[in-house]
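The values are calculated or read from the model by the stated rules, or taken from the named source; none is laboratory data. This structure is a prediction, so every number in the text was calculated from the model and none was measured. Neighbour counts run over all protein chains shown; Cβ positions are idealised from the backbone, glycine included. Areas reflect the complete protein model, heavy atoms only, side chains present, ligands, DNA and RNA absent. Shrake-Rupley method; radii C 1.70, N 1.55, O 1.52, S 1.80 Å.
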Amino acid sequence: AQTVTQSQPEMSVQEAETVTLSCTYDTSENNYYLFWYKQPPSRQMILVIRQEAYKQQNATENRFSVNFQKAAKSFSLKISDSQLGDTAMYFCAFMNLKGAQKLVFGQGTRLTINP
Amino acid sequence: DAGITQSPRHKVTETGTPVTLRCHQTENHRYMYWYRQDPGHGLRLIHYSYGVKDTDKGEVSDGYSVSRSKTEDFLLTLESATSSQTSVYFCAISGTSNEQFFGPGTRLTVL
């Protein structure tokens, strides 16, 4: 079974700073995807970024980028030039491409951006 | 936004009563999922469906049952609600893109 671990329950940074959220996972599979989801106070789950395991290049989406280290089973999220609207819970998630595309989530990191 | 709705959005019920939550999609996606969200646990999979009448258990399925009689609807039933089932419940759908889209969530309180 796969497991996902987020070791930082809470983080807090000043607006415009860069922040990195950590995620590690455990799997014996070779074909999988990794995701970061954002959950603002509205409770809606919003996909931030995804990484296909077969791709060596790290995914980027505007101010969001990942550092994917497959051998180390590490998948961190970097937010550059942080904004007040980035305040949210962030979840790391793993998807095994065999079968029904189920997601396994980490425990979440509560990120607060201070003005 | 993916066309996915959940009803009700909030519900308060008493221990021992049956509860049914509904997930409805307009995307014609094959896969549908029910997760629960609890502090310190992230989201955990309860049940999922890979087609009409095709369902399977997830990580935390005890005390829950599901049904999918139409592509667009996936029902989650708590036969006899317990206080440990107080949670926020999310439905999600997935098609061919290997990406899951989530509904707005249902907050369930069992007194």
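For A:Lys38, a cut-off of 16 angstrom between C-alpha atoms picks up these aspartates and glutamates, skipping any fewer than 8 places away in its own chain: A:Glu10, A:Glu61, A:Asp86, B:Asp1, B:Asp38, B:Glu99.
With all protein chains present and a 1.4 Å probe, how do A:Asp26, B:Asp62 order by accessible area, largest first?
B:Asp62, A:Asp26
Listed values for the stretch B:41-51 are Karplus-derived 3J(HN,Hα) couplings in whole Hz (6.51 cos²θ - 1.76 cosθ + 1.60, θ = phi - 60°), namely 10, x, 9, 10, 6, 9, 8, 9, 10, 10, x, and x replaces Gly and Pro.
Peptides B:85-94, A:45-54, A:78-87 ordered by packing proxy, namely the average of other Cβ atoms within 10 Å per residue, highest first: B:85-94, A:45-54, A:78-87. Projecting the Cα positions of A:Phe94, A:Thr24, A:Ser42 onto the charge dipole of the stretch A:3-114 (unit charges on Cβ atoms of Lys, Arg, Asp and Glu, taken about the Cα centre) puts A:Phe94 furthest along the positive direction.
Peptide A:95-102 has a mean of 6 when you count, residue by residue, the C-beta atoms of other protein chains within 10 Å of its C-beta.
Inter-chain Cβ neighbour count for A:40-48, averaged per residue, equals 4 (cutoff 10 Å, partner chain atoms only). The relative contact order of chain B, computed from alpha carbon pairs under 8 Å that lie at least 6 residues apart in sequence, is 35 percent.
Given a Förster distance of 22 angstrom, what is the FRET efficiency for B:Thr20 paired with B:Ser84, based on the Cβ-Cβ distance and rounded to 0.05? Efficiency at R0 = 22 Å is approximately 0.75. Modelled this way, with points 7 Å down the Cα-to-C-beta line, the labels at B:Ser67 and A:Arg110 are 3.9 nm from one another. Of the solvent-accessible surface of chain B, computed with a 1.4 Å probe and all protein chains present, 47% belongs to carbon and sulfur. Mean separation of Cα pairs under 8 Å and 6 or more residues apart, divided by the residue count, gives the stretch A:3-114 a relative contact order of 38 percent. Each listed q (0.08, 0.12, 0.13 Å⁻¹) maps to a log10 I(q)/I(0) for the protein assembly as shown, found by the Debye formula over equal Cα scatterers with no solvent: -0.29, -0.65, -0.77. Simple spin-label estimate for B:Asn98 and A:Asn62 gives 2.5 nm between the two label positions (7 Å along the Cα-to-Cβ direction from each Cα).
Pairs spanning more than 29 Å between alpha-carbon atoms, out of A:Lys55/B:Lys53; A:Lys55/A:Lys102; A:Lys70/A:Lys98; A:Lys98/B:Lys11; A:Lys98/B:Lys70: A:Lys55/B:Lys53; A:Lys98/B:Lys11. For the pair B:Asn28 and A:Gln69, a Förster radius of 45 Å applied to the C-beta separation gives a FRET efficiency near 0.75, rounded to the nearest 0.05.
Just so you know, the averaged projected area of the alpha carbon convex hull for the stretch B:23-111 sits at 5.7 nm². Measuring with a 1.4 angstrom probe and ignoring ligands and nucleic acids, A:Trp36 comes out at about 0 Å² accessible. Buried accessible surface for the A/B chain pair comes to about 1800 Å², total over both chains, computed with a 1.4 Å probe.
The Rg/Rh ratio for the stretch A:3-114, using Cα coordinates for both the radius of gyration and the Kirkwood hydrodynamic radius, is 0.96.
Just subtract the alpha-carbon distance of A:Gln44 and A:Glu10 from 0.36 nm times their residue separation and send over the number in nm, one decimal.
Value of the extension gain: 10.3 nm.
Summing charges over all other residues whose Cβ lies under 13 Å from the Cβ of B:Ser49, with Lys and Arg as +1 and Asp and Glu as -1, gives +2.
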